[in-house]
Amino acid sequence: MTGSPPDTYEAAMRLALAEAVRAGGRGEVPVGAVVLGPPGSGVSGPGGVLAAAGNDREASADPTAHAEVLALRAAAARVGDWRLTGCTLVVTLEPCTMCAGAAVLARVDRVVYGAVDEKAGAAGSLWDVLRDRRLNHRPEVVMGVLADECAAVLTEFFSGRRA
């Protein structure tokens with residue numbers, strides 16, 4: 001199921017968590033994503049980061065403005081190609097079907113996520129779009145990276161909403 005040790009992605013997940021916290025501060029569901037460039041490609045920025053984003057659906061009134069989609073778009077623009085071969089998508093919450101599909105279509109090599117989304121997850125929880133054998137591309141999946149911290153950001157956000 002995973003070929004890379006989860007601790008390999010802790011630094012990137014901390015960047016994604018910072019994006020999630022920023023999104024939550026703007027009233028968005030606090031999910032953050034980072035796209036890491038291919039190792040040794042020369043296209044990635046500091047720490048290998050090509051792009052980072054947080055959810056922006058409320059502010060943009062765009063139902064597709066999930067952190068993953070925004071980060072993939074920005075990474076593709078930076079690379080100058082829709083194919084993100086060799087790249088890694090790191091996200092604080094298990095991707096939904098739209099975002100899992102976007103990762104497959106972008107041809108990322110792997111998807112790394114923190115918290116499990118039992119209500120809408122499409123990387124093994126509710127569905128498994130990322131490893132569906134019927135698709136022409138199947139990224140490696142690494143799950144549970146800083147899962148407790150990722151879940152805590154979401155729990156705190158939603159408990160504040162219900163209070």
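Coordinate-derived values only; no laboratory data. What you see is a predicted model; the values in this text were computed from it and never measured. Here Cβ is always computed from backbone atoms with ideal geometry, including for glycine, and neighbour counts include all displayed protein chains.
Some observations on this one:
- Added length on full extension, which subtracts the Cα-Cα distance from 0.36 nm per residue, Arg83 to Glu58: 6.2 nm
- Gyration tensor (alpha-carbon) shape descriptor, the range 1-133, a/c threshold 1.5: rounded
- Look at where the Cα atoms of the range 123-163 and of the range 43-103 average out, and the two centres are 15 Å apart.
- Cα-centre dipole for the chain with unit charges at Cβ (Lys and Arg positive, Asp and Glu negative), debye to 20: 380 debye
- Charge context of Gly114, other residues only, Cβ under 9 angstrom, K/R +1, D/E -1: -3
- Spin-label pair Arg134-Val21: with each label point 7 Å from Cα along the Cα-Cβ axis, the two points sit 4.2 nm from one another.
- Efficiency of FRET between Arg107 and Ala151 - r from beta-carbon atoms, R0 35 angstrom, step 0.05: 0.75
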